[in-house]
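The values are calculated or read from the model by the stated rules, or taken from the named source; none is laboratory data. Because the structure is predicted, anything quoted here is derived from the model rather than measured. Here the Cβ is made from the backbone with ideal geometry for all residues, glycine too, and neighbour counts use every protein chain on show.
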Amino acid sequence: MGSMLERPMRAAILGAADSPLVRRAVTRYGMRLGARRFVAGETAAEFMTAARVANGQGFAVAATILGESVRDSDETRAVTAEYCRLLRAFADEGLDANVAFKLTHVGLDIDEDLAFENASQIAKAAHESGRTVRMDMEQSRYVDRTLAIYRRLRVGHRNVGVALQSYLYRSRADLAGMLELEPNVRIVKGAYLEPSDVAYPRKADVDAAYVGLAQLALAHDGYTAIATHDAAIIDRVAEFADARSLPRRGRFEFQMLYGIATALARSVLRRGYRVRLSIPFGEYWFPYLMRRLAERPANVAFFLRGALTR
Ligand SMILES: Cc1cc2nc3c(=O)[nH]c(=O)nc-3n(C[C@H](O)[C@H](O)[C@H](O)COP(=O)(O)OP(=O)(O)OC[C@H]3O[C@@H](n4cnc5c(N)ncnc54)[C@H](O)[C@@H]3O)c2cc1C
C-alpha cells in the first residue's frame, strides 16, 4: 500500500501494467533486469533450490506458481496438476513447504465450479502430503466467489485457508462471519488498485484495520498468518499474542515475500516465531512484478538502474 503521497505513483505503475507496450518490454527484459529479486526463477527446479536454501535458514516456505486470469480450462487443469506434483515433491523431500494459489489461475474467470474442482484437487493433494494450502485474495470483484469457494472447500478439507485484505471495508465483517469455522486466514493489506467506495484510500486506515483484523483472528480459534513487512504491525501483533499467552508457534505465523525485508524476516525468526517466505516462480511473473514495484516506487528506480548498468 502506498501513502497518500505515493498513491498517484502506485496508480501510475499499476496502470502501466495494463499497457501492452510496457508488458512486452518488461517481459522481454525484466528477468534479466531484476525480476529475479522477487521470483525464484521460471522453473520448479529453480523454486526447489530457493526453498531448500530458505528451509536451511529456518524459514518455512509457500510456493506460488505465477499466473492469474487464465481463460483456458485445459491450462487451469495443467496448473492444478503442477501444484499437486509440487506438493508430492515437498512430501518426498520433507521440505517445510506448502502452496498458495490464485483462484483465477485455476478457472475462476471461466466457471466457479471449475475453480472449485481444481481447488479441491489441490486441497486433497495437500492433505495427502500433510500440508496446508491457502488461497490468495484478488481484486474486489472476486471476494464473494472466493469466500464462497473457501466455505465449500472447508466442508471436506480443514487444511485450506484464505486471505483477507485489510484495505477492504468489508473484510472485518467477512472475518467475523467465518470465525465459527475456526478459519485458517492470512491477513494482508491488499495489493490492487481499488476505488474508495470499497477500500480505505488512506494508508493509516489500512494499517489500523490490519491490526484490528489480526487481533480479531488471534482472539478466536483457528490459525492466522500475519503477512506483512510492516515492522510496527509485527510488533503490535506479537505484543497482543504475548498478552494472551499464545505460543510463538502453533496458533499463528508471520509471512513475508521472497526478496523483500530479508533482515526483518531473519529478526522475527530469531525471536522464536514461525516465519514463512512466499516464493513465487514461473513464466507469468509480469503482473506480480508490477504489484511489487507499485508497493514501493523506490523499487522502480532499483529496477531501472539494473537496465542502465547493463
Ligand atoms: C505472504 C504474503 C502474501 C500476500 N498475499 C496477498 C493476497 O493474497 N492478496 C493481496 O491483495 N495481497 C497480498 N499480499 C501483498 C500485500 O497485500 C501488500 O501489498 C504487501 O505485503 C505490502 O504491504 P506490507 O504489509 O508489507 O506493508 P507496507 O506498509 O506497504 O510496507 C511496510 C514496509 O515493507 C517494505 N515493503 C513493502 N513492500 C515492499 C516491496 N514491494 N519492496 C520492498 N519493500 C517493501 C517497506 O520497507 C515498507 O516500509 C501478500 C503479502 C505477503 C507478505
For Pro183, state whether it is surrounded by 17 or more Cβ atoms within 10 Å (Cβ to Cβ) and touching a residue at least 12 places away in the same chain (Cβ under 8 Å). yes
Please go through (1) away from the ligand (no atom under 15 Å from the Cβ); (2) in contact (Cβ under 8 Å) with a residue 40 or more places away in the chain for Arg158 and return the number of the only condition it doesn't satisfy. (2)
Please determine whether any residue of region 217-224 is closer than 30 Å to Ala17 by Cα and surrounded by 14 or more Cβ atoms within 10 Å (Cβ to Cβ). no
Find the helices (runs of 4 or more DSSP H) located wholly in region 1-90 whose residues include 1 or more that are surrounded by fewer than 17 Cβ atoms within 10 Å (Cβ to Cβ) and among the polar types (S, T, N, Q), and list them. 20-33, 44-56
State whether the residues of region 234-252 include one that is touching a strand residue (DSSP E or B) at 6+ places or on another chain (Cβ under 8 Å), within 10 Å of the ligand (Cβ to nearest atom) and charged (D, E, K, R). no
If a residue has to be among the aromatic types (Phe, Trp, Tyr) and at pLDDT below 95 to count, how many in region 69-85 make the cut? 0
Taking region 265-303 and the residues there that are in a strand (DSSP E or B) and within 11 Å of the ligand (Cβ to nearest atom), the one that is nearest to the chain's Cα centre (by Cα) would be Ser278
Residues located in region 192-234, provided they are under 22 Å from Ala261 (Cβ atoms), over 18 Å from the mean Cα position of the chain (by Cα) and part of a loop (DSSP other than H, G, I, E, B): none
Cβ pairs under 8 Å, 6+ apart or interchain, first in region 230-243 and surrounded by 13 or more Cβ atoms within 10 Å (Cβ to Cβ), second hydroxyl-bearing (Ser, Thr, Tyr), ordered by first then second residue, are Asp230/Tyr210; Ile233/Tyr210; Ile234/Thr228; Ala238/Tyr273
Which pairs do you get when a residue that is without any contact (Cβ under 8 Å) to a residue 40 or more places away in the chain, found in region 196-222, comes within reach of a residue that is part of a strand (DSSP E or B), reach meaning Cβ atoms under 9 angstrom, with the pair 6+ apart or on two chains? Tyr200/Leu168; Ala214/Ile187; Ala214/Thr224; Ala214/Ile226; Ala214/Phe252; Leu218/Thr224; Leu218/Ile226; Leu218/Phe252
Write out, first by first residue and then by second, each pair whose Cβ atoms fall under 8 Å of each other, whose residues are 6+ apart or on separate chains, and whose first residue, in region 16-31, is without any contact (Cβ under 8 Å) to a residue 40 or more places away in the chain while the second is of a type outside the set (Lys, Arg) and assigned to a helix (DSSP H, G or I). Val22/Ala16
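Return a yes/no flag: does region 129-142 have any residue that is farther than 28 Å from Gln215 by Cα and either in contact with a Cys (Cβ under 6 Å, 6 or more places away or on another chain) or touching a residue at least 12 places away in the same chain (Cβ under 8 Å) (or both).
The answer is yes; a qualifying residue exists.
Which count do you get for residues in region 72-93 that are among the aliphatic types (A, V, I, L, M) and touching a strand residue (DSSP E or B) at 6+ places or on another chain (Cβ under 8 Å)?
The qualifying residues number 3.
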